[in-house]
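Notes to accompany the following structure.
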Amino acid sequence: MEQEDSKKFLIIGGGLAGSSLAHHLIQRNQSVQIIDDGENHSTRVAAGMVNPLVFRRTTLSWRAADFLQYSWEYYKSLEHLLNITLAEPLLIRRIFPSEQEREEWIKKQELPDFQAHLTPLLESETPQKYKTAFGTGLVKSGFFVHAQDYYLKNRAYFSNQGLLKSKTFTPSQLDPMSGTYENEVFDHIIFCTGYKNSSCPFFNNVPVKSTKGQTLEVKSDIFPENESLHLKCFVFPIGQQKFRIGATYEWDNEELVPTETAKIHLLDQLKYISEQEVEVLSQPIGIRPTTMDRRPTMGTHPQFPKLHIFNGLGAKGYLLAPRLAAEMAEYLLDGKALDPEVSLKRYKFFS
Ligand SMILES: Cc1cc2nc3c(=O)[nH]c(=O)nc-3n(C[C@H](O)[C@H](O)[C@H](O)COP(=O)(O)OP(=O)(O)OC[C@H]3O[C@@H](n4cnc5c(N)ncnc54)[C@H](O)[C@@H]3O)c2cc1C
């Protein structure tokens, strides 16, 4: 195979966006450096569920088929490199809140696009112990990623390879026109800073919002250990009768503290699935980088051609990041156009 020209890339942020882009660039023989301050509040705390469905509307999520297969293969391919199991299949059970949603599922389960994802209703056994006035449906194509391991093992791997600097990026040390950072010249600098995008002077007018998500870790002997449950909240098994319950959506909120209000809210939501008391063990929280149109944000700064952004992965980063990282690498290395739906050019300031 022909050897590709190696360019120098600096990636700011080593969460899902930064790490998946780094792997794709390294695969293509590029020189990569990552700066990540270790203060991760999203990739590391996520539940890591990969669900191709949007339950409320019984629709497939944006480019689901494309993203689902690619992301599974990406996580499996990293397992050997990181020496760990990263991705495992997960049955995802929707508890229908209404007869209308149940009927919608029955309609959709026959459609070709849905057949790989929905288990026909007659085959989905409904456990007796949940409130199931309208029955339940099973998504059979989902999986989950061990989120904390994904972040920490990637950090350790990049660090062992001499590719990661565990420090804070200092904007004043960057000459944006020449791409010089701390006296080193880079061909491309990509900002993957998650919700901290607002503190990056080059892209701080990109509307990436901070959406706080609070969850509960609980102990219970009534929820299943081999599937997640979804009605008003999710119940995600993490082993040894422990479960993550989540998550809140608190817009424009960067306060890294758990609140009593959120705890009460999540326990109230959980009652729609089971009235049984649970023991609350902890309250993990994080902050998602979200956008108003629910599409990530990718592209190049209009004044500084060496500066780029890959952000706004929202609530489904584990599904979206791998394929979009591949597309970002193709954009940077081959000049291939980005999907217009993610392009930075959709914002007036950058068009
Ligand atoms: C509670 C919760 C549950 C979730 N559950 C799921 C789920 O089940 N499934 C799913 O697909 N998604 C889930 N998500 C969403 C998912 O976690 C995000 O889409 C994804 O992690 C965003 O990745 P990122 O790389 O853009 O941001 P981040 O993970 O925030 O990474 C950004 C990185 O940049 C670093 N950084 C920022 N600024 C600087 C700087 N100046 N200098 C150096 N380093 C810097 C930070 O330390 C951080 O490590 C969840 C999110 C939350 C909060």
*Rank these for me by crowding, C233, C192, going from fewest to most other beta carbons within 10 Å.*
C233, C192
*At 0.36 nm per residue, minus the direct Cα-Cα distance, what do T168 and E279 gain on full extension? Give it in nm, one decimal, please.*
36.2 nm
*Cut-off 11 Å between beta-carbons: net charge of the residues surrounding T300, Lys and Arg +1, Asp and Glu -1*: +2
_Surrounding net charge for S19, when Lys and Arg each add one and Asp and Glu each subtract one, Cβ distance under 9 Å_ = 0
_Cut-off 18 Å, label 7 Å out along Cα→Cβ of E182, residues of the stretch 25-39 by amide N_ = 31-39
*Between L111, L86, L163, find the one with the highest GNM mean-square fluctuation for the chain; connect C-alpha pairs within less than 10 Å.*
L111
*asked:* Placing unit charges on C-beta atoms (Lys and Arg positive, Asp and Glu negative, everything else neutral), compute the dipole magnitude of the stretch 96-239 about its Cα centre in debye, rounded to 20.
replied: 480
_For a test of the definition: using alpha carbon positions, the gyration tensor, and the 1.5 limit on a/c, classify the stretch 290-351 as rounded, prolate or oblate._
oblate
*Modelled label-to-label distance, S351 and K232, 7 Å Cα→beta-carbon offset: nm?*
4.2
*Compute the acute angle (0 to 90°) between the alpha-carbon long axis of helix 260-270 and the principal axis of greatest extent of the alpha-carbon atoms of the chain; round to the nearest 10°.*
50
*Euclidean distance between Cα centres, the stretch 73-111 to the stretch 251-324, Å*: 19
*Grab the Cα-Cα distance for V257 and R28, subtract it from 0.36 nm times how many residues apart they are, and report the gain in nm with one decimal.*
78.4 nm
*At 0.36 nm per residue, minus the direct Cα-Cα distance, what do A133 and I106 gain on full extension? Give it in nm, one decimal, please.*
8.1 nm
_Radius 11 Å from Cβ of F158, net charge of other residues (Lys, Arg +1; Asp, Glu -1)_ = +2
*Kindly work out what percent of the DSSP beta bridges joining two residues of the chain are antiparallel, to the nearest 5.*
70
*Order of 200-206, 31-37 by packing, highest average Cβ count within 10 Å first?*
31-37, 200-206
_Counting other beta carbons within 10 Å of each residue's own, what order do S61, S166 fall into, fewest first?_
S166, S61
*Within the chain, helix-based [θ] at 222 nm, where runs of 4 or more DSSP H residues each add -39,500 (n - 2.57), nearest 500*: -8000 deg cm²/dmol
*D113-E341 pseudo-label distance in nm [points 7 Å out on the Cα-to-Cβ vector]*: 0.9
*³J(HN,Hα) computed for each position of the stretch 86-103 - Karplus, 6.51 cos²θ - 1.76 cosθ + 1.60, integer Hz, glycine/proline x*: 9, 10, 9, x, 9, 7, 10, 9, 8, 8, 5, x, 7, 5, 4, 5, 4, 5
*If you take the charge dipole of the chain about its Cα centre, with +1 on Lys and Arg Cβ and -1 on Asp and Glu Cβ, which of F202, Q33, Y157 is farthest toward its positive end?*
F202
*Percent relative contact order of the chain, based on C-alpha pairs within less than 8 angstrom and at least six residues apart?*
22
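Coordinate-derived values only; no laboratory data. Since the model is a prediction, treat every value here as computed from it, not as a measurement. Cβ coordinates were reconstructed from backbone atoms using ideal geometry, including for glycine residues, and neighbour counts include every protein chain displayed.
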